[in-house]
Amino acid sequence: MIFNGGSIGLGFMTDGVYGGTNTANGSALQLTTAWALTAGIEHYWTPALRTSLYGGFTQISYNDQATSLICTGVGVAQLGKGQGFTPTSNNCSPDFSFWQIGSRTVWNPVKNLDLGVEIMYSRLQTAFGGTATVNGAVAQPTQSFVVKDQGVLSAIFRVQRNFWL
């Protein structure tokens, strides 16, 4: 979950969805489909200065029966346990994806000392849509949020000293 003011980005990943008590109402385990691609490259400008670029994409999807179980409350009860989440709209699709791209530059002014800066952007293409109620276990007090895609820009400055024998 990613909160941003009055909106929230959601995505739940589970290895399977199980619902019902017999074959008439869905007693089979519905598996989740997931795939990911990640890549990176590093370039040395000089022996003491290097820059890397990296990124990745992940997609999680559920078949029609798992989607039906999740969206009718059978699966939501399972997915939402401990998460405090209940979708409140008819726009129910638990499928989601996220991607990241980032770059890091590190300078070694002396042996075993790294000074670096890293910046990364992450984007969650949210599941569900519409609105969602998040209970008091996650947000105080219980409140409703608009469900929409969320992005996070992060940066860090790092100083690292290595003590090699």
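One table, with the values for the structure above:
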quantity: Inter-probe distance in nm under a simple model that places probes 7 Å from Cα toward Cβ, at T46 and S7; calculated: 4.4
quantity: For peptides 44-57, 96-109, 151-164, sequence by mean Cβ density within 10 Å, most packed first; calculated: 96-109, 44-57, 151-164
quantity: Cut-off under 5 Å, modelled amide H: who pairs with S93 long-range; calculated: F128
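All of the numbers you see were taken from the coordinates with simple rules; none came from a lab. Source: prediction; values computed, not measured. Please note: Cβ atoms are built from the backbone with ideal geometry, for glycine as well, and neighbour counts cover all protein chains shown.
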